[in-house]
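Here is the structure we will look at.
The values are calculated or read from the model by the stated rules, or taken from the named source; none is laboratory data. Predicted model, so just to flag it, every value in this text is computed and none were measured. So basically every Cβ, Gly included, is an ideal-geometry build from the backbone, and we count neighbours across all protein chains shown. Note: accessible area is taken over every heavy atom of the protein model, side chains too, but ligands, DNA and RNA are not part of it. Shrake-Rupley method; radii C 1.70, N 1.55, O 1.52, S 1.80 Å.
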Amino acid sequence: MLDLQRLRALHAVSVHGTVGAAAVALGYTPSAVSQQIAKLERETRTVLLEREGRGVRLTDEARQLVAAAQQLMAIVERAETELEERRGLPAGRLAIAAFASAARGLMPGVLAELARLHPALDPRLTEVDPHLSVDLVAKGAVDLAVAHDWDIAPLPAPAGVEQAVIGDDLCDLLVPEGHPFAGRAAVRREELGGERWICQPPGRVCHDWLLRTLRAAGHEPDIVHQADENPTLVALVAAGLGIALIPRLGRGPLPAGVVQVPLDPLPVRRLYALWRTGAARRPAIVETVRVLAERWPAVSGRRPGD
């Protein structure tokens with residue numbers, strides 16, 4: 001009889017790519033994950049992982065087991081959902097993935113509210129890029145994801161994944177004090193040519209949006225500094241090293257020397273909660289989505305007239 005926990009460990013390695021990353025996702029140590037897979041190899045008399053550089057590669061037999069594990073996990077999820085639904089109360093572990101500024105600006109209050117209302121619920125947060133989190137939901141690696149898209153780059157939801165809108169996050173142009181744009185009521189996108197830009201690295205949603213938007217306006221952006229975290233981007237603007245387009249969620253108060261200027265039209269990114277269709281009726285999912293939407297107005301940074 002195959003052990004479901006060992007199959008979960010193999011599935012996590014398949015999804016996350018390494019034993020270490022799988023261990024973080026499961027809340028285990030890398031040694032514990034390796035032991036689970038070693039036991040599974042003995043049970044099946046099959047080599048499941050092969051060394052490849054600093055990582056591992058799944059064998060063909062392992063991929064077959066991963067496919068079976070995903071089906072078994074879906075069956076277990078349906079059973080757990082039905083039990084939780086009969087009780088009518090959110091309970092059990094809930095794995096949540098959220099992108100960086102949502103993890104900072106939205107999730108602390110949401111998690112605190114869930115803990116206050118539902119002590120039997122055990123939500124666990126991991127910070128994940130939105131491009132990756134949707135796939136993690138689809139593969140069963142997390143139960144719910146908070147992701148976002150932009151007005152010109154919609155977020156695709158694969159088959160078997162449902163979504164609900166949390167709210168719209170507005171983005172502003174941040175410029176150093178004394179910049180020609182600093183005293184403006186608004187700046188049109190057509191005026192952004194020739195500027196020195198500070199933004200996130202390639203492959204991040206905000207970076208891709210900036211390139212597509214400026215190119216659509218006839219400009220090739222000159223990106224001079226790149227950083228992952230929004231506070232770093234704001235600090236670089238404060239030092240007079242360029243301008244940046246940064247969403248309001250999780251941004252915090254602007255330091256001295258940085259001026260916020262609206263773009264015309266104002267860029268918007270939309271936040272979503274995503275979960276698997278099989279868990280749509282699970283009270284823990286329903287309640288978490290409700291709390292996310294309820295808390296959004298307090299953290300969105302929307303001003304009168306926005």
Please go through the range 18-43 and give me each residue that is open to solvent by less than 50 Å² (accessible area, probe 1.4 Å) and among the β-branched types (V, I, T), ordered by number. V19, V33, I37
The range 1-32: number of residues that are hydroxyl-bearing (S, T, Y) and more than 25 Å from the chain's Cα centre (by Cα): 1
Hey, can you tell me all the residues within the range 119-140 that are open to solvent by less than 30 Å² (accessible area, probe 1.4 Å), of a type outside the set (S, T, Y) and under 19 Å from A284 (Cα atoms)? L121, V134, L136, V137, G140
Please enumerate the residues belonging to the range 148-162 that are of a type in the set (D, E, K, R) and either closer than 22 Å to M73 by Cα or at pLDDT 90 or above (or both). E162
How about the range 174-267: which strands (runs of 3 or more DSSP E) wholly inside it have at least 2 residues that are free of Cβ contacts under 8 Å to residues at least 40 places away in the same chain and surrounded by 13 or more Cβ atoms within 10 Å (Cβ to Cβ)? 222-226
Flag if R8 is at negative phi and either open to solvent by less than 70 Å² (accessible area, probe 1.4 Å) or without any contact (Cβ under 8 Å) to a residue 40 or more places away in the chain (or both): yes
For the range 197-212, indicate whether the set of residues that are at pLDDT 90 or above, out of contact with any helix residue (DSSP H, G or I) (no Cβ under 6 Å at 6 or more places or on another chain), among the charged types (D, E, K, R) and farther than 18 Å from S101 by Cα is non-empty. no
Go through (1) more than 30 Å from L214 (Cα to Cα); (2) without any contact (Cβ under 8 Å) to a residue 40 or more places away in the chain; (3) in a loop (DSSP other than H, G, I, E, B) for P158 and report which single condition fails. (1)
For R124, the lone unmet condition from (1) modelled with pLDDT of 85 or more; (2) outside any strand (DSSP E or B); (3) of a type in the set (D, E, K, R) is (2)
Restricting attention to the range 33-51, does a residue exist that is within 25 Å of the chain's Cα centre (by Cα) and acidic (D, E)? no
Just to be sure, is Q70 within 22 Å of the chain's Cα centre (by Cα) and open to solvent by 60 Å² or more (accessible area, probe 1.4 Å)? yes
Any residue at all in the range 133-147 that is at pLDDT below 90, within 21 Å of the chain's Cα centre (by Cα) and of a type in the set (S, T, N, Q)? yes
Going residue by residue through the range 290-298, is there one that turns out to be assigned to a loop (DSSP other than H, G, I, E, B) and either touching a strand residue (DSSP E or B) at 6+ places or on another chain (Cβ under 7 Å) or not small (G, A, S) (or both)? no
So which pairs qualify, if the first residue must be in the range 86-102 and at positive phi, the second must be open to solvent by less than 30 Å² (accessible area, probe 1.4 Å) and not in a loop (DSSP other than H, G, I, E, B), the Cβ gap must be under 8 Å, and the two must be at least 6 apart or on different chains? G88/P283; G92/E84; G92/L121; G92/A284
